[in-house]
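Everything on this sheet refers to the single structure shown next.
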Amino acid sequence: MVTTARTHTPQRPLRRTRHSDDGGESPFIWREALWGLDWLSLRLSPVYLGLGVPHGDGSPVILVPGFLTTDAYLVEMYFWLRRVGYSPFLSGIGVNADCIQTLTQRLEKTAEAAHAETGKPVRIIGHSLGGLLARRLSLRRPDIVSQLISLGAPIQSLEAHPAIMAAARFVGERVDHRRGREARTYGACLSDTCECFTPGDEVHCPPPSVHHAALYSRDDGVIDWRNCLEPEPSLNHEVGGTHIGLVFNARAYRIVAELLAQASDRSGRRAA
């Protein structure tokens, strides 16, 4: 059976606000040193063993790492997803420190392979910048993506703590230099004016066929939590904890299990 992409009218692009410029405070990055407490609480929680949460239907779920990281730190969630009845896949994008367009193309190949292997639409869980990549793919390929869950992702604005933004500029300049693009009309890759963000290609809301939700923490030390919110309030879920720890957060795991199950139920009703 050949699946065709469903067309939709893109919604208005999300605001690219910078809260640190309008009276808000930059995130307190020192909080991230406490991420180990999130990991410890997960290991002590029955959720880690798959107890007390709805189990899955074998659907493929792709995990996408954040900026400057690889799939390696997502192995806890990978094996947990397997325990609760899903078919997890790592992103296969390598180090998340390249052109956003290039990374999205790599993620698309993984999604196509997972879809072909399982015969089911894929779900994507993206952490931090990985959530932005996942969102772009859900817009690009709604024919194979059925759900998007963002964990502390920069939905409202491609902004983060000044130290992270400095690292992004450095990486972006290295990417440009490697590709010989010294003279550019726009800013460096991975910046807010990157050529990857061409007119009409901003981070729109996914189409109705893609279930989506965002998890965030007001204690996030990397991204202003307000930038991690979906425009629709009912799609946002506060979990607490650190930014790094969102991938080890017991409350986040419980909510992820519930969101995956709810999307399965709605998809099943539509099919029926």
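The values are calculated or read from the model by the stated rules, or taken from the named source; none is laboratory data. Keep in mind that this is a model prediction, so the values were computed, not measured. Every residue, glycine among them, receives a Cβ derived from its backbone with ideal geometry; neighbour counts consider all protein chains shown. Note: areas computed on protein heavy atoms with side chains; ligands, DNA, RNA excluded. Shrake-Rupley method; radii C 1.70, N 1.55, O 1.52, S 1.80 Å.
Contact map, the stretch 35-49: residues that are under 19 Å from residue 219 (Cβ atoms) paired with residues that are aliphatic (A, V, I, L, M) and open to solvent by 50 Å² or more (accessible area, probe 1.4 Å), Cβ distance under 7 Å, separation 6+ or inter-chain. Pairs shown: 35/244. Does residue 85 satisfy the condition of being modelled with pLDDT of 95 or more, open to solvent by 60 Å² or more (accessible area, probe 1.4 Å) and not in a helix (DSSP H, G or I)? Criteria not met by residue 85. Evaluating residue 147 against the criteria (1) at pLDDT 95 or above; (2) open to solvent by 10 Å² or more (accessible area, probe 1.4 Å) leaves one unmet condition, (2). Applying the condition of being of a type in the set (Phe, Trp, Tyr) and in contact (Cβ under 8 Å) with a residue 40 or more places away in the chain to the stretch 50-82 and asking which residue is farthest from residue 116 (Cα to Cα) yields 67.
Within the stretch 88-110, if we keep just the residues that are in contact (Cβ under 8 Å) with a residue 60 or more places away in the chain and part of a loop (DSSP other than H, G, I, E, B), the residue that is surrounded by the fewest Cβ atoms within 10 Å (Cβ to Cβ) turns out to be 98. Starting from residues that are closer than 15 Å to residue 65 by Cα and part of a loop (DSSP other than H, G, I, E, B), keep the ones in the stretch 150-174 and report whichever is modelled with the lowest pLDDT. Per the stated criteria, the residue is 154.
So, residue 133, is that one open to solvent by 10 Å² or more (accessible area, probe 1.4 Å) and under 8 Å from the mean Cα position of the chain (by Cα) or not? Spelling it out, it is not the case that residue 133 is open to solvent by 10 Å² or more (accessible area, probe 1.4 Å) and under 8 Å from the mean Cα position of the chain (by Cα). Within the stretch 118-127, one or more residues are over 20 Å from residue 74 (Cβ atoms), touching a His at 6+ places or on another chain (Cβ under 7 Å), in a loop (DSSP other than H, G, I, E, B) and open to solvent by 10 Å² or more (accessible area, probe 1.4 Å).
Just so you know, in the stretch 57-77 the residues that are small (Gly, Ala, Ser) and surrounded by fewer than 19 Cβ atoms within 10 Å (Cβ to Cβ) include one that is nearest to residue 91 (Cα to Cα), and it is 72. With the condition kept exactly as written, say whether any residue in the stretch 193-202 is β-branched (Val, Ile, Thr), open to solvent by 50 Å² or more (accessible area, probe 1.4 Å) and at pLDDT below 90. Within the stretch 193-202 (the criterion being β-branched (Val, Ile, Thr), open to solvent by 50 Å² or more (accessible area, probe 1.4 Å) and at pLDDT below 90), the answer is yes, since at least one residue qualifies.
A search for C-beta distances below 7 Å between a residue of the stretch 208-222 that is part of a strand (DSSP E or B) and any residue that is of a type in the set (Phe, Trp, Tyr) and open to solvent by 20 Å² or more (accessible area, probe 1.4 Å), counting only pairs 6+ apart in sequence or on different chains, returns 216/225.
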